[in-house]
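Chemist: Input: one structure, supplied below.
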Amino acid sequence: MPTTEALTGGFSDAPVQAARAFRAALEVMARPGHIAPVTGAQAPGLSGAASVLLLTLCDRETPLHLAQGTDSAALRDWVAFHLGAPLVPAEEAMFALGSWSALAPLERFRIGTAEYPDRAVTLIVEMDRLAPDGARLTGPGIATEARLSLPEIVAFQRNNDLFPLGWDAFFTCGDDIAALPRSTKVEAA
């Protein structure tokens, strides 16, 4: 039987809040380096932003991997009640959630295939800090350049080298989200 903690923390006005959150998720993915606020959800042990992304992007048909340090009985119950998303090993995930270090090694995640590049994982990386500084970003959706505080540079450069294959990433901190699609070129500041 689910705990009270598992039954709370979802959207209070799901259609409106999910639509706003989905628009914010699309906006940050289309504009790498842009940081947007999202609110309305709180899963056990997660930032509000990560909770909102889970409610917005995951459902019964999106296999989810919870990385070590994020995975807990309370969060599993919350996911079961609010999303119904199957919890799977990293190699089978469409979405993977955790800190950058807990998501490693990244090679175990799907990067798509030549026929179906969209069958790659999307990482949701919980961050201690999310700011428009640090790594230099260029590419689609960026007029000249953007900056974003990434957990490292090399992994994102290697990921971009695989384009059109590779994974995409959302970053969450508190109530803020940012994103980095595989098409973005990343350079050290």
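Chemist: Determine the pairs where a residue that is over 18 Å from residue 38 (Cβ atoms), located within segment 51-80, has a partner that is in a helix (DSSP H, G or I) with Cβ atoms under 6 Å apart, the partner being 6 or more residues away or on another chain.
Modeler: Close Cβ pairs satisfying both conditions: 63/92; 65/90; 67/102; 67/103; 68/102; 69/102; 74/5; 77/6.
Chemist: Out of all the residues in segment 148-165, which are open to solvent by 80 Å² or more (accessible area, probe 1.4 Å) and either within 22 Å of residue 68 (Cβ to Cβ) or in contact (Cβ under 8 Å) with a residue 12 or more places away in the chain (or both)?
Modeler: 163
Chemist: Examine segment 132-143 for a residue that is surrounded by 15 or more Cβ atoms within 10 Å (Cβ to Cβ), polar (S, T, N, Q) and in contact (Cβ under 8 Å) with a residue 40 or more places away in the chain, and state whether such a residue exists.
Modeler: Checked segment 132-143: at least one residue is surrounded by 15 or more Cβ atoms within 10 Å (Cβ to Cβ), polar (S, T, N, Q) and in contact (Cβ under 8 Å) with a residue 40 or more places away in the chain.
Chemist: Looking only at segment 11-25, count every residue that is open to solvent by 40 Å² or more (accessible area, probe 1.4 Å), part of a helix (DSSP H, G or I) and not aliphatic (A, V, I, L, M) and tell me the total.
Modeler: Summing the residues that are open to solvent by 40 Å² or more (accessible area, probe 1.4 Å), part of a helix (DSSP H, G or I) and not aliphatic (A, V, I, L, M) in segment 11-25 gives 4.
Chemist: Output the number of the condition that residue 175 fails; it satisfies all remaining conditions of (1) in contact (Cβ under 8 Å) with a residue 60 or more places away in the chain; (2) closer than 19 Å to residue 108 by Cα.
Modeler: Of the numbered conditions (1) in contact (Cβ under 8 Å) with a residue 60 or more places away in the chain; (2) closer than 19 Å to residue 108 by Cα, the odd one out for residue 175 is (2).
Chemist: Let me ask something additional. Considering only segment 63-81, state which residues are closer than 16 Å to residue 170 by Cα and part of a loop (DSSP other than H, G, I, E, B).
Modeler: Selection gives 67, 70.
Chemist: So residue 108 fits all but one of (1) in contact with a helix residue (DSSP H, G or I) (Cβ under 7 Å, 6 or more places away or on another chain); (2) touching a residue at least 24 places away in the same chain (Cβ under 8 Å); what number is the exception?
Modeler: (2)
Chemist: Determine, yes or no, whether residue 145 is of a type outside the set (A, V, I, L, M) and more than 17 Å from the chain's Cα centre (by Cα).
Modeler: Considered against the rule, which asks whether it is of a type outside the set (A, V, I, L, M) and more than 17 Å from the chain's Cα centre (by Cα), residue 145 comes out as yes.
Chemist: Right, here's the next one. For segment 102-114, give me each residue that is under 22 Å from residue 161 (Cβ atoms) and either modelled with pLDDT of 95 or more or of a type in the set (Val, Ile, Thr) (or both).
Modeler: Answer for segment 102-114, where residues must be under 22 Å from residue 161 (Cβ atoms) and either modelled with pLDDT of 95 or more or of a type in the set (Val, Ile, Thr) (or both): 103, 104, 105, 106, 107, 108, 109, 110, 111, 112, 113.
Chemist: I would also like to ask the following. I need a count of the residues in segment 82-124 that are on the phi < 0 side of the Ramachandran plot, assigned to a loop (DSSP other than H, G, I, E, B) and not acidic (Asp, Glu).
Modeler: Number satisfying all stated conditions: 17.
Chemist: Take segment 88-99 and flag every residue that is touching a residue at least 24 places away in the same chain (Cβ under 8 Å), surrounded by fewer than 19 Cβ atoms within 10 Å (Cβ to Cβ) and not small (Gly, Ala, Ser).
Modeler: Answer for segment 88-99, where residues must be touching a residue at least 24 places away in the same chain (Cβ under 8 Å), surrounded by fewer than 19 Cβ atoms within 10 Å (Cβ to Cβ) and not small (Gly, Ala, Ser): 88, 89, 92.
The values are calculated or read from the model by the stated rules, or taken from the named source; none is laboratory data. Since we're looking at a predicted model, the values are computed, not measured. No Cβ is skipped: glycine too gets one built from the backbone with ideal geometry, and neighbour counts run over all protein chains shown. Side chains included, ligands, DNA and RNA excluded: accessible areas come from the protein's heavy atoms. Shrake-Rupley method; radii C 1.70, N 1.55, O 1.52, S 1.80 Å.
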